[in-house]
Amino acid sequence: MGSHRIAAIPADGIGPEVIGAGLEVLRALERLDPGFHLDVTHFPWGSDYYRAHGVMMPEDGLDALRGFDAIYFGAVGDKNVPDHVTLWGLRLAICQGFDQFANVRPTRILPGLTSPLRDCAPGDLDWVIVRENSEGEYAGMGGRAHRGHPIEVGTEVAVFTRAGVERIIRFAFETARSRPREHLTVVTKSNAQRHGMVLWDEVAAAVARDFPDVAVDRELVDAMTVRMVNKPRSIDTVVATNLHADILSDLAAALAGSIGIAPTANLDPSRRYPSMFEPIHGSAFDIVGKGIANPVGAFWTAVMMLDHLGEHENARRLMAAIEHVTAAGIRTPDLGGTARTTDVTAAVVDALAAVPA
């Protein structure tokens, strides 16, 4: 398909380790496909940058990223910097600044891996969780008053706009329609949250009329956790709020074997701005520098990025290589194995050469 401009932001924790591994397998794809090229620019933003400059990224950071075709992001978070500083200073600043309102998190049991769920075979757990990514509980609205006094108060206001709710639900219906089962579950908590969540239910019912071919059901978020454990085969595509889908997708990753394998796409479906692709595992302070970070999440994330760029054959090829390696039992400790990050990376590079073009 040609050349694509990629902004690489490894950022914090194991981010540099897994993004470095991801770029290594992408370079292997370039060697196998002379028509494919990634022009990668690295940005040293994150907590180290914050310690040096007092900000997670420069004031003109969004302008610097605007011309790229995609952003390949590692992780954000540092033991010595408050989490709200790191998250809002970099990841959420990019997601909201570029209106990446659709967060897409596929989950399935890869070949050779075992779910902690009893009798759950790979084909029994194959989900896509669509997360509203621009407002809701992470809208950033609220404040604190009377700081330091016994009457101190903090408010965190969840914001749900009809426009924001409708566009993510419509996106989720379109995602469900593109999958073989054509089934969508709308998750809310409208029995207790009678304003924003009831708006979700009403908008979902209205949008559903435009998708008569998609089967739809509703679930309260607490009941959804039970259903994910007890009836995984009943789930296909899920749409939920920023907070609810964030939590549910971490559970989904664990049920598929490990949070280390899970990918994410932060999409601007209009393509006005670059979309951002990241593994969901976070910075993982406890294993930084040990060489055992699972790079599969970063590899699968790269698959999503390639599909977004129109590199569908290379995406297919990389996914096949990942599945070959997991099936062969080459696994990092989070999956019960002994392989190091470099071992899994080298195995995927070798497998790429064996995947038919």
For a quick check of your reading of the model, give me the residue pairs whose first member lies in the stretch 176-191 and is acidic (D, E), whose second is part of a strand (DSSP E or B), with beta-carbon atoms closer than 9 Å and at least 6 apart or on different chains. E182/A215; E182/T237
Which residues, taken from the stretch 327-341, are surrounded by 15 or more Cβ atoms within 10 Å (Cβ to Cβ), of a type outside the set (A, V, I, L, M, F, W, C) and either free of Cβ contacts under 8 Å to residues at least 60 places away in the same chain or farther than 16 Å from G22 by Cβ (or both)? R331, P333, D334, G337, R340
Within the stretch 294-317, is there a residue that is outside any helix (DSSP H, G or I) and within 14 Å of V18 (Cα to Cα)? yes
Hey, does the stretch 11-18 have a residue that's charged (D, E, K, R) and either in contact with a His (Cβ under 6 Å, 6 or more places away or on another chain) or crowded, with 22+ Cβ neighbours inside 10 Å (or both)? yes
Residue hits (the stretch 38-80; more than 25 Å from E135 (Cβ to Cβ), among the hydrophobic types (A, V, I, L, M, F, W, C) and touching a helix residue (DSSP H, G or I) at 6+ places or on another chain (Cβ under 9 Å)) are L38, V40, F43
Just to be sure, is F98 touching a residue at least 24 places away in the same chain (Cβ under 8 Å) and under 20 Å from V18 (Cβ atoms)? no
Scan the stretch 220-235 and report the pairs whose first residue is touching a residue at least 24 places away in the same chain (Cβ under 8 Å) and in a helix (DSSP H, G or I) and whose second residue is charged (D, E, K, R) and surrounded by 13 or more Cβ atoms within 10 Å (Cβ to Cβ), with Cβ atoms within less than 6 Å and a gap of 6+ or a chain change. V221/K189; P232/D124; R233/D124
Which listed residue, of H244, H195, is of a type outside the set (S, T, Y) and out of contact with any Asp or Glu (no Cβ under 9 Å at 6 or more places or on another chain): H195
Name the single residue, out of those in the stretch 258-273 being outside any helix (DSSP H, G or I) and in contact with an Asp or Glu (Cβ under 6 Å, 6 or more places away or on another chain), that is farthest from N294 (Cα to Cα). D268
Return yes when D119 is over 19 Å from N242 (Cα atoms) and in contact (Cβ under 8 Å) with a residue 60 or more places away in the chain and no when it is not. no
Among residues of the stretch 261-300, those that are surrounded by 19 or more Cβ atoms within 10 Å (Cβ to Cβ), at pLDDT 95 or above and touching a helix residue (DSSP H, G or I) at 6+ places or on another chain (Cβ under 7 Å), counted: 21
If we keep only residues of the stretch 48-89 that are free of Cβ contacts under 8 Å to residues at least 12 places away in the same chain and under 20 Å from the mean Cα position of the chain (by Cα), then the residue surrounded by the most Cβ atoms within 10 Å (Cβ to Cβ) is L87
Selected residue (only one of A64, A75 is small (G, A, S) and either modelled with pLDDT under 95 or within 21 Å of I280 (Cβ to Cβ) (or both)): A75
Answer from V325, V344 - the residue that is over 20 Å from D126 (Cβ atoms) and part of a helix (DSSP H, G or I): V344
Looking only at the stretch 285-301, decide whether some residue is closer than 23 Å to L26 by Cα and in contact with a Cys (Cβ under 8 Å, 6 or more places away or on another chain). no
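The values are calculated or read from the model by the stated rules, or taken from the named source; none is laboratory data. From a predicted model like this one, the values you see are computed outputs, not experimental measurements. FYI the Cβ positions are ideal-geometry reconstructions off the backbone, even for glycines, and counts take in every protein chain you see.
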